[in-house]
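Engineer: Here it is: the structure, laid out below.
The values are calculated or read from the model by the stated rules, or taken from the named source; none is laboratory data. Bear in mind that the values here come from a model prediction, so they are computed numbers and not experimental data. With ideal geometry, Cβ positions are generated from the backbone for all residues, glycine too; neighbour counts draw on all protein chains shown. Ligands, DNA and RNA are stripped out before the accessible areas are found, and what is left, the full protein with its side chains, is counted by its heavy atoms. Shrake-Rupley method; radii C 1.70, N 1.55, O 1.52, S 1.80 Å.
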Amino acid sequence: MKALVTGATSGIGKKIAEKLSERGWELILTGRNETMLLEMKEKLGNTEIIAADLSQRSDVMKVYEFCREKNIDMLVNSAGYGLFGRFEETDLDDEINMINVNITALHILTKLFLRDFKKRDSGIILNVASAAGFMAGPLLSSYYASKNYVLKLSIAIYEELRRAKSKVRITVLCPGPVDTNFNERAGVSFSAKPITADYAAEYAIKKALAGKLFAVPGLSIKAAVIGQRFVPSKLLAAITYNVQQAKKKSGSNERALDK
Ligand SMILES: NC(=O)c1ccc[n+]([C@@H]2O[C@H](COP(=O)([O-])OP(=O)(O)OC[C@H]3O[C@@H](n4cnc5c(N)ncnc54)[C@H](OP(=O)(O)O)[C@@H]3O)[C@@H](O)[C@H]2O)c1
């Protein structure tokens, strides 16, 4: 069995790659960090690597072309990042870059691999969304919106596959806080105890191999995902604002919000 893993140089994607390798899977790993890709190749064996910046459509296509004749059984879309700040203040270029990675690259790879998987009526897509995908996220607005896209796209594809009686499967991972480099990149700190990337990865793989649509690791996040359905969206946004505000890094050079 062979998997393509994006975001394989760090955090959840890296752990998913390691755990698939332990299960005997061959891997194709991608990310921008070539040193880490080479390290992973060395460590795991049975691994090919391709460095790519997924904010660039040409690089997304390069990754697909690299894989297309290689009988990929599982696509793992884990590459992604967040940006903290009021919507009018966050850097537009960085935000468009984020949308390109979180949404556009995932969209393209999901579509192209889904076509291939449907032709042979087998294959698994594991999309890494977030518990953020279930709600609006003031102070991380475009990140939350990007994860809403990933979640809703995955649910819709699941239903299309179900109606077509396809054997192709899609799973969407929706974790709350996970201890990775995510916070550093987003410019936030944890306001709740994070789960480990190891736990999130193991949970996601089990759900994906079992053909489940949702993978929501951790009891408190499961409860939050269920609970938010009963809260009006304006109230939920107000609560989320406070949660995000509490995540703002002390000592960060961003000016204090709401002061
Ligand atoms: N950590 C959390 O609390 C949390 C919670 C819910 C969901 N998630 C989601 O989990 C996924 C993985 O994040 P993580 O927590 O594992 O964070 P991470 O440790 O920062 O890993 C992010 C990965 O994305 C890759 N990436 C970022 N920009 C890229 C680009 N332009 N081109 C190619 N690859 C790029 C990075 O690779 P390079 O730097 O090598 O390019 C890295 O491998 C993301 O989609 C994130 O939204 C995280």
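Engineer: Let me know the whole percent of all Cα-Cα pairs from the range 2-247 that are separated by more than 34 Å. Display every interim value, and only then the final one.
Structural biologist: Values: 3578 of 30135 pairs.
Cα-Cα pairs in the range 2-247 separated by more than 34 Å: 12 percent.
Engineer: When the helices in the chain are scored as -39500 (n - 2.57) per DSSP H run of 4 or longer and the sum is shared across all residues, what 222 nm value do you end up with, to the nearest 500 deg cm²/dmol?
Structural biologist: On the way: 10 runs with 122 residues, N = 259.
So the calculated ellipticity at 222 nm is -14500 deg cm²/dmol.
Engineer: Follow-up question, since we're still on this one. Using the Karplus equation 6.51 cos²θ - 1.76 cosθ + 1.60 (θ = phi - 60°), what ³J(HN,Hα) coupling, rounded to whole Hz, does each residue of the range 182-189 give in order, writing x for Gly and Pro?
Structural biologist: For the range 182-189, the Karplus curve yields 3, 4, 4, 5, 7, x, 10, 10 Hz.
Engineer: Residues of the chain: accessible area per residue at 1.4 Å, in Å²?
Structural biologist: Details: 12670 Å² over 259 residues.
Result: 49 Å² per residue.
Engineer: Separate question: Residue by residue through the range 42-51, what is 3J(HN,Hα) from phi via Karplus (6.51 cos²θ - 1.76 cosθ + 1.60, θ = phi - 60°)? Round to whole Hz and write x for glycine and proline.
Structural biologist: With the stated coefficients, the range 42-51 comes to 4, 5, 8, x, 6, 9, 9, 10, 8, 6 Hz.
Engineer: In nm, to one decimal, how far is the Leu92 label point from the Gln56 one, both placed 7 Å along Cα→Cβ?
Structural biologist: About 2.3 nm separates the two model spin labels.
Engineer: For Leu126, which sequence-distant residues (separation of 5 or more, or a different chain) have an amide H within less than 5 Å of its own amide H, given hydrogens modelled in the peptide plane?
Structural biologist: Placed amide hydrogens put Leu75, Val76, Asn77, Thr171 under 5 Å from Leu126.
Engineer: Which distance in nm do the two modelled labels at Tyr199 and Arg162 give, with both placed 7 Å along the Cα-to-Cβ direction?
Structural biologist: About 2.8 nm separates the two model spin labels.
Engineer: Mean separation of Cα pairs under 8 Å and 6+ residues apart, divided by the residue count of the range 17-113: what relative contact order is that in percent? Walk me through the numbers on the way to the answer.
Structural biologist: On the way: 87 pairs, mean separation 23.1, N = 97.
Worked out over the range 17-113, it gives 24 percent.
Engineer: So what J values fall out for the range 156-162 if you push phi through Karplus, 6.51 cos²θ - 1.76 cosθ + 1.60 with θ = phi - 60°, rounded to Hz, Gly and Pro as x?
Structural biologist: Once rounded to whole Hz, the list reads 5, 5, 4, 5, 4, 5, 4.
Engineer: So, counting K/R as plus one and D/E as minus one, what does the shell of residues with Cβ under 14 Å around Tyr144 add up to?
Structural biologist: Working: positive: Arg86, Lys147, Lys152, Lys247; negative: Glu95.
Cβ neighbours under 14 Å give a net charge of +3.
Engineer: Keeping the other protein chains in place, figure out the carbon and sulfur percent of the accessible area of the chain, with a 1.4 Å probe. All intermediate terms of the calculation are to be shown ahead of the outcome.
Structural biologist: Numbers: 6800 of 12670 Å².
About 54 percent, which is the carbon plus sulfur part of the accessible surface.
Engineer: When the chain is fully extended, how far beyond the present Cα-Cα distance does Lys2 get from Lys212, taking 0.36 nm per residue of separation? Don't skip to the end; give the middle numbers.
Structural biologist: Numbers: separation 210, 0.36 × 210 = 75.60 nm, distance 1.94 nm.
Between Lys2 and Lys212, full extension yields 73.7 nm more.
Engineer: How high is the FRET efficiency from Arg32 to Ser122, r the C-beta distance, R0 35 Å, rounded to 0.05? Don't skip to the answer; put the middle values down first.
Structural biologist: Numbers: r = 30 Å, r/R0 = 0.87.
With a Förster radius of 35 Å, E is 0.70.
Engineer: I'd like to compare 84-96, 52-64, 169-181: which one has the highest average count of other Cβ atoms within 10 Å, and what's the full order after that?
Structural biologist: Values: 84-96: 13.5, 52-64: 17.7, 169-181: 22.9.
With the highest mean Cβ count within 10 Å placed first, the list reads 169-181, 52-64, 84-96.
Engineer: Using only Cα atoms, locate the centre of the range 60-77 and the centre of the range 157-226, then give the distance between them in Å, rounded to an integer.
Structural biologist: Between the Cα centre of the range 60-77 and that of the range 157-226, the gap is 22 Å.
Engineer: Using a cut-off of 14 Å between beta-carbons, work out the net charge of the residues near Ile96 (Lys and Arg +1, Asp and Glu -1, Ile96 not included). It would help to have the intermediate numbers written out before the result.
Structural biologist: Numbers: positive: Arg57; negative: Asp53, Asp91, Asp93, Asp94, Glu95.
Summing Lys/Arg as +1 and Asp/Glu as -1 gives -4.
Engineer: Something else: Calculated FRET efficiency, Leu219 and Glu69, Cβ-Cβ r, R0 45 Å, to nearest 0.05?
Structural biologist: Working: r = 43 Å, r/R0 = 0.95.
The value I calculate is 0.55.
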